[in-house]
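A.B. asks: First the structure, which I've put down as structure tokens, then a few questions once you've had a look.
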2 protein chains.
Amino acid sequence: MRTPSHPSTDALRLPEVLHALSDPVRLEIVCALGGGSELACGHLEAPVSKSTLSHHLKVLRDAGVTRTRADGTQRLVSLRLEELEARFPGLLGCVVDGAHRPA
Amino acid sequence: MRTPSHPSTDALRLPEVLHALSDPVRLEIVCALGGGSELACGHLEAPVSKSTLSHHLKVLRDAGVTRTRADGTQRLVSLRLEELEARFPGLLGCVVDGAHRPA
DNA sequence: TCGGAAGTTCGATTCATCTAGAACTAGAAT
DNA sequence: ATTCTAGTTCTAGATGAATCGAACTTCCGA
């Protein structure tokens, strides 16, 4: 198990990023990572099975929203803050803010 | 044919809004409406059939992104700028900017 | 009143997505 | 080595989404 591949900043596509953020489970994950913290998959609270969580993390990674690196048996996940900010300025901040906002 | 119903500002949900924006055809529509202009369905250029376009406009409307009002045989579509700004500040601007940005 | 124009809705198809369980892989620890 | 832990991948089912053509509804104009 090695660190999986990630798309380059130039390869980030807005529809794909928005789609990745449009699922409630994934949005929750992104919020949990919001502060820039690096978390292991297992420390993410999500109401889904292990395999489904892995799937969602792959969607986020493939869209370029998160980065995953191997650390022993764990995978540490974090947001690609700088790249996203460079490519789509302000977007992630708005989304995280909007998710925290009450209905 | 009357003006269809629209969700209230409070009812707007972020995942639904992001999903509405995550389709290339719909993103193009939103960009075309970006300046605040009010356009008839038929004046929107989209590489899809009339019924598919109607479907996409319904998704945008149901998510609260656009407003549609009847005017004779036409439907005039526009963005719900103020409401979206109140509910998810900055979001629409970031998305439209990001869509216009080159890869 | 009879068409035509502008959209919507319906039905069907095809394709993607979410979901979970089972089997698998890799590293750590005993 | 064996076993445990942490995730991934495979397979499969159920659900949702995008697409189109055809039929329908409204309104406007000849």
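A.B. asks: What number comes out for the charge environment of A:L12, summing +1 per Lys or Arg and -1 per Asp or Glu over other residues with Cβ under 9 Å away?
C.D. replies: On the way: positive: A:R13, A:R80, A:R87; negative: A:D10, A:E16, A:E83.
Local net charge: 0.
A.B. asks: Let me ask you something else. When N is the residue count of region A:1-54, what does its C-alpha Rg come to as a fraction of 2.2 N^0.38 Å? Intermediate results must be reported in sequence, preceding the final value.
C.D. replies: Working: Rg = 12.5 Å, N = 54, 2.2 N^0.38 = 10.0 Å.
Cα Rg divided by the expected 2.2 N^0.38 Å: 1.25.
A.B. asks: Still on this structure, I have one more. Give the ranking of A:H19, A:H56 by solvent-accessible surface, highest area first, calculated with a 1.4 Å probe. Working shown, then result.
C.D. replies: Numbers: A:H19 85, A:H56 15 Å².
Output order, biggest surface exposure first: A:H19, A:H56.
A.B. asks: If you don't mind, there's one more thing I want to ask. How large, in percent, is the carbon and sulfur part of the accessible surface of region A:11-91 at a probe radius of 1.4 Å? Don't skip to the answer; put the middle values down first.
C.D. replies: Values: 1970 of 3700 Å².
That share works out to 53 percent.
A.B. asks: Ratio of Rg to Rh for region B:50-103, alpha carbon only, Kirkwood? If you can, show how the numbers build up before the last one.
C.D. replies: Details: Rg = 13.0 Å, Rh = 12.5 Å.
When Rh is taken as the Kirkwood radius, the ratio is 1.04.
A.B. asks: When each copy gets a label point 7 Å from Cα toward the beta-carbon at B:S51, what are the spacings between them in nm, shortest first?
C.D. replies: Those label-point separations list as 3.6 nm.
A.B. asks: Here is a follow-up. Please compute, for peptide A:33-45, the average count of beta-carbon atoms on other protein chains lying within 10 Å of each residue's beta-carbon. Don't jump to the answer; show the numbers that get you there.
C.D. replies: Numbers: counts 0, 0, 0, 0, 0, 0, 0, 0, 0, 0, 0, 0, 0.
That average works out to 0.
A.B. asks: Still on this structure, please answer the following. Can you list the copy-to-copy distances for B:R69, using a point 7 angstrom from Cα toward Cβ, in nanometres, shortest first?
C.D. replies: Relative to the other copies, B:R69 has label-point distances of 5.4 nm.
A.B. asks: At 7 angstrom along the Cα-to-beta-carbon line, where would the label on A:T9 sit relative to the other copies? Give the distances in nm, shortest first.
C.D. replies: 3.6
A.B. asks: Provide the buried accessible surface between chains A and B in square angstrom, both chains summed, 1.4 Å probe, rounded to the nearest 100. Write out the running numbers ahead of the final one.
C.D. replies: Details: alone 6140 and 6150 Å², together 10550 Å².
Summing both chains' loss of accessible area gives about 1700 Å².
A.B. asks: From largest to smallest, what semi-axes in whole angstrom does chain A give when each is the square root of 5 times an eigenvalue of its alpha carbon gyration tensor? Display every interim value, and only then the final one.
C.D. replies: On the way: eigenvalues 78, 58, 30 Å².
Semi-axis lengths for chain A are 20, 17, 12 Å.
A.B. asks: From other protein chains only, count the Cβ atoms within 10 Å of every residue's Cβ in A:15-21, then give the mean. Display every interim value, and only then the final one.
C.D. replies: On the way: counts 9, 2, 4, 12, 5, 2, 6.
That average works out to 6.
A.B. asks: With only alpha-carbon atoms in the gyration tensor, what are the semi-axes of the equivalent ellipsoid for the protein assembly as shown, in Å, largest first?
C.D. replies: Sorted largest first and rounded, they come to 34, 17, 15 Å.
The values are calculated or read from the model by the stated rules, or taken from the named source; none is laboratory data. These figures come from a predicted structure and were not determined experimentally. Neighbour counts run over all protein chains shown; Cβ positions are idealised from the backbone, glycine included. Heads up: the accessible areas ignore ligands, DNA and RNA and are worked out on the full protein's heavy atoms, side chains in. Shrake-Rupley method; radii C 1.70, N 1.55, O 1.52, S 1.80 Å.
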